[in-house]
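Here is the structure we will look at.
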Amino acid sequence: MAKNESKRLAPGALADDEASFNALKEVTGYAPSNASYSVAAITTAHNDAKAAQADEDQAAAALRTARDMATSKEWTFHNLILGAKDQVRGQFGKDSVQVQEIGLKRTSEYKSRGPRRKETPK
């Protein structure tokens, strides 16, 4: 039957199964020797699969909503931290110890460029 039942079926295979199921329901005189393959058993499995797909769709929507909410909250936090860094620079100065304490470089820590060479015209 199936090769690896831990992997999802291709959408085309599911569409083919759906078409076969719809056709099977219309077959007159279908009476399998194994009751596991009866129309009633297949209908139950079909309904269970549809319910599981609906649950999955709802969970995926909830995940997208939670991801969007987390992203929004992360950006709010990030923007507040950037504003706080600007406030520290404004209150204590760009070369203060407080600037260094919040993880920024003091202006005195930057390497100076030094004098530029003048190019001689040729």
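Any read-out appearing in this document is the output of simple, stated calculations on the displayed coordinates, not a laboratory observation. Note that the structure is a prediction, hence the values are computed from the model and not measured. For neighbour counting, all protein chains shown are included, and Cβ atoms are generated from backbone atoms with ideal geometry for every residue, glycine included.
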With no solvent and one point on each alpha carbon, what is the Debye value of log10 I(q)/I(0) for the chain at q = 0.09, 0.10, 0.15, 0.23 Å⁻¹?
-> -0.61, -0.64, -0.92, -1.30
Nitroxide proxy distance, nm - points 7 Å out along Cα→Cβ at Ser36 and Thr65 = 3.9
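If I take R0 = 35 Å and measure r between the Cβ atoms of Ser112 and Thr76 in this structure, what FRET efficiency does the formula 1/(1 + (r/R0)^6) give, to the nearest 0.05?
Numbers: r = 38 Å, r/R0 = 1.08.
So, using R0 = 35 Å, E works out to roughly 0.40.
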